[in-house]
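To keep things clear, I will list the structure first and then write my remarks on it.
We did not get these values from a lab; they are worked out from the coordinates using the rules stated. Note that the coordinates shown come from a computational prediction; the quantities given were computed from them, not determined experimentally. Here the Cβ positions follow ideal geometry from the backbone for every residue, glycine too, while neighbour counts run over all protein chains shown.
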Amino acid sequence: MKKRRAIAFLKVFFVMLAGLVLLIAAHFRPDIPVEKLMDEYAGESSRFVQIDGMNVHYRDEGSGDPVVLVHGVLSSLHTWDGWAEELKRERRVIRLDLPSFGLTGPGPESQKGLDYYVEFMSKFLDALGIERASMAGNSLGGAITWAFAARYPERVDRIVLLNAGGFLTDDDRISLFKLAGSPLLKPLVRYCTPRYLVGLFVRQVYGDTSRLDPDTITRYYHLLRREGNRDVLVSFGKTAAFPPVSEVKAALASIEVPALIIWGDKDSWIPVEHAYLFHEAMPQSELIIYPGAGHIPMEEIPSETVADVIDFLNR
């Protein structure tokens, strides 16, 4: 009887193991060499500059007073396409793929916190010969923007924060990154990212998914698989740690340049309540809430948001 039970158990075990292997095999997606992504995602205005051993991808368009656009986590400079078309009519518009994202890919450090990105932005502006600029940042890019303005006030004219990070705690961490950081799931997340899963993630950051173009999902899917980029998924819980709230408030209070805070009220990643925390902490700030928009309003409703930003920058 015991022998039969053992045999039955082993059969079930091997069937389940085979099923797991087949499931992983069906969802396995290899890295994509950056050279294969160049034709699709490096346009005529794309340029590259060497910083910290990375070939940093950026676009530099238009002329006039410079404005620098900084994207959020798992995104790229393409998230600003709608804004760039309008802004470059009257300004010099610079947008880039941050380290670990887009075509830039991973840098020399496996862990990249907020301080790293602030200093990276300083090096990037130096490389382009920009002493002073306005800045706009979304999500992680928003945190980089306010932290840069607090550390280098002499280099910033005005700032725009879109659904910015800063007040998130470990308990608030997005479920995607909690799962990705799990020791058991890290290998799966690193290599098993089919398009439909990426589509689920992208739908999370839109307030109204009817505004989401299938080509946009494809772009996120391809650039996430750029060799090395998926490493950020399994380490982001550590890399994106923000300073204590008291330090964040002190940094925000020190910013004297005009600031515009933009938020989509359907943000499922950083609640709209955080918009009011930023507004309260920044004495020179204005606040605009967009009903129905999600975490990336500059991509979801570009025309509406950029019109307000142009008005703010031109005052």
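Details
- Given their separation in residues at 0.36 nm each and the Cα-Cα distance between them, Asp81 and Thr169 gain 28.6 nm when the chain is fully extended.
- Extending 7 Å from the Cα toward the beta-carbon at both Asp115 and Val257 defines two label points whose distance is 2.3 nm.
- As a length-normalised measure over Cα pairs under 8 Å and 6 or more apart, the relative contact order of the stretch 87-154 settles at 22 percent.
- Computed FRET value (nearest 0.05) for Val272 with Asn314, which takes r as the C-beta separation and R₀ as 35 Å: 0.85
- The lysine pair tally for the stretch 34-313, using Cα distances under 20 Å and a gap of 8 or more places or different chains, is 7.
- Theoretical FRET efficiency, 1/(1+(r/R0)^6), r = Cβ-Cβ of Ser210 and Asp126, R0 30 Å, to 0.05: 0.10
- Between the beta carbons of Ser63 and Glu304, assuming R0 = 25 Å, the FRET efficiency works out to 0.50 to the nearest 0.05.
- Modelled spin-label separation between Val49 and Leu197, with each label point placed 7 Å from Cα along the Cα-to-Cβ direction: 3.6 nm.
- Lys/Arg +1, Asp/Glu -1 at C-beta; the stretch 34-313 dipole; positive extreme among Ser254, Pro214, Pro153: Pro214
- Gain on full stretching of the segment that runs from Ile289 to Arg89 - 0.36 nm per residue minus C-alpha separation: 69.4 nm
- Each label was represented as a point 7 Å from its Cα along the Cα-to-Cβ direction; for Asp265 and Asp39 these points are 4.6 nm apart.
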